[in-house]
Amino acid sequence: MPRVTFLPDGVSFEFEKLAYKGHGWPGSLLDVALNFGVALQHSCGGNCACTTCHVVVKEGEANLSPMEDAEADRLDAAAGLTLHSRLACRAVVRGDVTVEIPG
Ligand code: FES
């Protein structure tokens with residue numbers, strides 16, 4: 001059962017199966033956030049067309065789906081880009097992961 005932790009609030013959620021909320025890829029970090037009421041912006045509706053869903057992975061990077069070229073290209077425009085940045089709408093959760101939502 002994957003466990004996703006969102007910082008800075010330090011809230012964690014475990015789940016077996018999510019009810020898809022219609023934004024981003026099913027099972028993505030954005031989908032997890034929407035399922036559990038975590039405030040995570042997603043101005044383009046989860047279509048890899050903005051950078052408002054930018055998160056920084058603190059633990060469990062290998063438990064996310066690999067980054068595809070479209071996500072990497074889009075991320076280049078993100079403020080505060082790091083080597084561990086992802087777009088929450090593109091990163092599908094496959095195991096335990098901790099991410100920080102930049103302030
Ligand atoms: S919500 Fe716009 S890129 Fe993820």
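The values are calculated or read from the model by the stated rules, or taken from the named source; none is laboratory data. In this text the structure is predicted, and so the values were computed from the model without any measurement. FYI the Cβ positions are ideal-geometry reconstructions off the backbone, even for glycines, and counts take in every protein chain you see.
Within region 60-94, the set of residues being assigned to a loop (DSSP other than H, G, I, E, B) and more than 16 Å from Pro26 (Cβ to Cβ) comprises Gly60, Pro66, Met67, Asp76, Ala77, Ala78, Ala79, Gly80, Leu81, Thr82, Leu83, His84.
Yes/no per residue for (1) closer than 19 Å to Glu16 by Cα; (2) among the small types (Gly, Ala, Ser); (3) in contact (Cβ under 8 Å) with a residue 60 or more places away in the chain:
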residue: Ser43; (1), (2), (3): no, yes, no
residue: Cys48; (1), (2), (3): no, no, no
residue: Glu59; (1), (2), (3): no, no, no
residue: Ala78; (1), (2), (3): no, yes, no
residue: Arg86; (1), (2), (3): no, no, no
residue: Ala91; (1), (2), (3): yes, yes, yes
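Within region 31-72, the set of residues being touching a His at 6+ places or on another chain (Cβ under 8 Å) and more than 9 Å from the ligand (Cβ to nearest atom) comprises Asp31, Leu34, Val56, Val57, Lys58, Glu61.
Taking first residues from region 9-30 that are within 14 Å of Gly45 (Cβ to Cβ) and partners that are assigned to a loop (DSSP other than H, G, I, E, B) and of a type in the set (D, E, K, R), the Cβ contacts under 8 Å between residues at least 6 apart in sequence or on separate chains come to Gly24/Arg90; Trp25/Arg90; Ser28/Arg90.
Each residue in region 77-103 was checked for being over 14 Å from Thr52 (Cβ atoms) and within 12 Å of the ligand (Cβ to nearest atom), and 1 of them qualify. Among the criteria (1) surrounded by 12 or more Cβ atoms within 10 Å (Cβ to Cβ); (2) in contact with a Cys (Cβ under 6 Å, 6 or more places away or on another chain), the one Glu61 does not fulfil is (2).
Kindly establish whether Ser28 is at pLDDT 95 or above, within 11 Å of the ligand (Cβ to nearest atom) and buried (at least 20 other Cβ atoms within 10 Å of the Cβ). When the stated conditions are applied, Ser28 passes them. Candidates are the residues of region 1-25 that are in contact with a strand residue (DSSP E or B) (Cβ under 9 Å, 6 or more places away or on another chain) and among the hydroxyl-bearing types (Ser, Thr, Tyr); the one that is surrounded by the fewest Cβ atoms within 10 Å (Cβ to Cβ) is Ser12.
Taking Phe6, is it aromatic (Phe, Trp, Tyr), under 24 Å from Thr82 (Cβ atoms) and more than 12 Å from the chain's Cα centre (by Cα)? Judged against the criteria, Phe6 is not a match.
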